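This report refers to the structure that appears directly beneath it.
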């Protein structure tokens, strides 16, 4: 199988993905960062009455068009405790923010614009304008109005709106489920003591975090030995967990100890493509096992993370009704780059700002795909297309952001 260009591989992967249609009805407190599955209509009108926007006095604007008007205060209206009477000519009601405006009143005079006199009287010190400082009934939304559309990501502002519309629960799409299988006799879990030929299996944690950040639920199936039966058992566990995507880490090549691909094939996987024209991340495997997507990521930590960004993240976004992530931008080179070969390069790099305030990027000298320390220090990846010519200092080049840059 020939090396597939990155863009073609992404297109082929996403062309087979179908957004999840299953809907869950969840309580509000569980809906943060979920995707609304149906339009949401208001169940009441807000505000339900004309309400005061300020502390002051509710009155008739015609009674106080000019400063110096004297009015009699006949009662009080507070939030949760409305005034039951009606305001007539020459009268006012002491009112507080959020309280219902009494019948007959059409404006609110600010409390600092009123001078208290003896005998429940006030004198206005500022002209009153008709309708001033009143929030009209239904100003925010009305019963039956669609305020949130299907496909809307739920955040803290939309949770507040949904609650105000009197919804205690929301219909949201089920999260994509990702099952992660790390393979290799050489791997042990963090905290364990590795043997003479062993290393710590770290990839699972980064891939799981990336998946969760893209709205997925993760099933970690642990470290699986290099035996067909063990790998097959883990795959069956992933199927039993109803995983939408099975992600394997390592073992997807065709060496004597790389058994992942052949085991999947023996269980009925359709192999879509394998081997990408990219560095790091060449031995990427993509296929399907029934309705389940199979994504075989390389074993080297940096390779698996880069492939996760390029393939797992957009796949999860599409399954989960989320906008396709766009991590790409540009920066000016702080150091020259040599010409590239036939594979698309993703160079770990750090960002800064030049004297003009523009983003400036410089790659690390070492780019070995096993070196996570440099990856963790990087702000971005410099993207070098196949056969890209050499580039000098100050040239504008594409970069893939690993995280927001503050600088």
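Kindly list the number of the only condition in (1) surrounded by 14 or more Cβ atoms within 10 Å (Cβ to Cβ); (2) under 30 Å from residue 316 (Cβ atoms) that fails for residue 39.
Of everything listed in (1) surrounded by 14 or more Cβ atoms within 10 Å (Cβ to Cβ); (2) under 30 Å from residue 316 (Cβ atoms), residue 39 misses just condition (1).
Among what's in region 184-194 and is without any contact (Cβ under 8 Å) to a residue 40 or more places away in the chain and part of a loop (DSSP other than H, G, I, E, B), pick the residue that is nearest to residue 300 (Cα to Cα).
So, considering only residues that are without any contact (Cβ under 8 Å) to a residue 40 or more places away in the chain and part of a loop (DSSP other than H, G, I, E, B), the one nearest to residue 300 (Cα to Cα) is 186.
Restricting attention to region 61-79, report how many residues are within 53 Å of the chain's Cα centre (by Cα) and assigned to a helix (DSSP H, G or I).
Residues that pass the stated criteria total 3.
Mind checking which helices (runs of 4 or more DSSP H) fall wholly inside region 295-377 and carry at least 3 residues that are surrounded by fewer than 19 Cβ atoms within 10 Å (Cβ to Cβ) and without any contact (Cβ under 8 Å) to a residue 40 or more places away in the chain?
Fully inside region 295-377 and qualifying: 372-377.
Which members of region 195-220 meet the condition of being under 27 Å from residue 321 (Cβ atoms) and not in a helix (DSSP H, G or I)?
Scanning region 195-220 gives 214, 215, 216, 217, 218, 219, 220.
Is it the case that residue 181 is more than 23 Å from the chain's Cα centre (by Cα), assigned by TED's automatic domain parsing to the domain that holds residue 312 and in contact (Cβ under 8 Å) with a residue 24 or more places away in the chain?
Judged against the criteria, residue 181 is a match.
Looking at this structure, is residue 171 in contact with a strand residue (DSSP E or B) (Cβ under 6 Å, 6 or more places away or on another chain), over 30 Å from residue 65 (Cβ atoms) and assigned to a loop (DSSP other than H, G, I, E, B)?
Criteria not met by residue 171.
Could you grab me the full set of residues in region 113-134 that are surrounded by fewer than 18 Cβ atoms within 10 Å (Cβ to Cβ) and part of a loop (DSSP other than H, G, I, E, B)?
118, 119, 120, 125, 126, 127, 129, 130, 131, 132
Okay, residues lined up against (1) in contact with a helix residue (DSSP H, G or I) (Cβ under 7 Å, 6 or more places away or on another chain); (2) surrounded by 21 or more Cβ atoms within 10 Å (Cβ to Cβ); (3) closer than 30 Å to residue 22 by Cβ:
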residue	(1), (2), (3)
225	no, no, no
230	no, no, no
245	yes, yes, yes
258	no, no, no
281	yes, yes, no
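Could you tell me which residue of region 81-111 is surrounded by the most Cβ atoms within 10 Å (Cβ to Cβ), considering only residues that are part of a strand (DSSP E or B) and without any contact (Cβ under 8 Å) to a residue 24 or more places away in the chain?
That would be 103.
The values are calculated or read from the model by the stated rules, or taken from the named source; none is laboratory data. Everything numeric in this text was worked out from a predicted model, so none of it was measured. For neighbour counting, all protein chains shown are included, and Cβ atoms are generated from backbone atoms with ideal geometry for every residue, glycine included.
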